[in-house]
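For reference, the structure is listed below as structure tokens.
The values are calculated or read from the model by the stated rules, or taken from the named source; none is laboratory data. Every value quoted in this text rests on a predicted model; they were computed, and no experiment measured them. We place every Cβ from the backbone using ideal geometry, glycine too, and count neighbours over all the protein chains shown.
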Amino acid sequence: MQVLIFSWEYPPRKIGQLAEYIDSLSKDLVENKIKTYVITCHDFLTGITEQPSGVTTVRVTNPVRNHISFLTWILTLNQEVGRVAANIIYQQKNQISLINVYDWHFIPAAVTLKRAFKIPIVYSVESLEDHRSQKANTPYNMAIKSIEWLGFYEANKITVKSKSIKNDITDIYKVPEEKIKIVESDWHSNFKKIRNIFTTISEGAKKE
């Protein structure tokens with residue numbers, strides 16, 4: 001099995017706990033014989049790095065320097081994420097099993113690759129725009145929510161770490177409950193369940 005992980009946080013770029021989580025998850029996957037590529041961003045540390053753990057990291061920077069908002073920054077960054085991911089897919093002769101994308105930031109790139117290469121998506125949700133900007137319905141917030149909706153629609157499976165987030169997704173976005181899987185906050189149990197989800201999705205894609 002070979003997986004691509006998309007995360008806008010990854011060491012040394014740490015904003016919250018997601019960076020450390022992705023670092024630990026990717027190492028766990030490699031230890032369990034799953035070839036893992038982490039695609040992320042950094043302002044000046046760019047390129048491909050083979051980590052001692054066996055994880056391959058690819059860091060990109062935004063080719064557009066000036067932006068009117070975080071939204072324009074992340075959307076233009078998606079083109080670089082999609083480009084380097086496509087290079088990996090071609091190099092691996094289209095043997096990538098799935099894309100695991102964290103939160104909404106790189107959903108556009110993930111969906112483009114899914115449609116182009118028929119690669120399934122596991123969408124892992126840490127929080128929703130409704131959590132980050134409660135009751136905000138500006139065009140900016142609605143644009144982010146539309147990207148979240150796209151991720152929910154296109155994902156083969158959605159993972160969350162609590163029943164409350166699952167309930168919010170089903171209530172706000174009308175996503176079928178069976179499409180959402182709760183994984184434990186405890187990392188050891190979480191990683192095992194994530195691996196099982198990856199295996200199920202990968203085997204299902206091979207049968208199609």
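Starting from residues that are in contact with a Ser or Thr (Cβ under 8 Å, 6 or more places away or on another chain) and of a type outside the set (S, T, Y), keep the ones in segment 120-143 and report whichever is nearest to T72 (Cα to Cα). So, considering only residues that are in contact with a Ser or Thr (Cβ under 8 Å, 6 or more places away or on another chain) and of a type outside the set (S, T, Y), the one nearest to T72 (Cα to Cα) is N141. When the strands (runs of 3 or more DSSP E) confined to segment 41-114 are screened for residues that are touching a residue at least 24 places away in the same chain (Cβ under 8 Å), those reaching at least 3 such residues are found at 56-60, 98-102. Out of the residues in segment 103-161 that are among the basic types (K, R) and touching a helix residue (DSSP H, G or I) at 6+ places or on another chain (Cβ under 9 Å), state the one that is modelled with the lowest pLDDT. Restricting to residues being among the basic types (K, R) and touching a helix residue (DSSP H, G or I) at 6+ places or on another chain (Cβ under 9 Å), the top hit is R132. For segment 65-90, a residue qualifies if it is closer than 22 Å to N141 by Cα and exposed (fewer than 13 other Cβ atoms within 10 Å of the Cβ), and the qualifying residues are N66, I68, S69, F70. Among the criteria (1) more than 19 Å from E154 (Cα to Cα); (2) surrounded by 13 or more Cβ atoms within 10 Å (Cβ to Cβ); (3) of a type in the set (F, W, Y), the one F44 does not fulfil is (2).
Residues are listed down the side, and each one gets a yes or a no for (1) surrounded by 13 or more Cβ atoms within 10 Å (Cβ to Cβ); (2) farther than 16 Å from K161 by Cα; (3) not polar (S, T, N, Q):
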site	(1), (2), (3)
Q92	yes, yes, no
Q95	no, yes, no
V111	yes, yes, yes
F117	yes, yes, yes
S124	yes, no, no
N137	no, yes, no
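Scanning segment 167-189 for residues that are buried (at least 20 other Cβ atoms within 10 Å of the Cβ) and in a helix (DSSP H, G or I) returns a single hit, I169. If the condition is being buried (at least 18 other Cβ atoms within 10 Å of the Cβ) and in contact (Cβ under 8 Å) with a residue 60 or more places away in the chain, then segment 19-33 contributes Y21, I22, L25, D28, L29.
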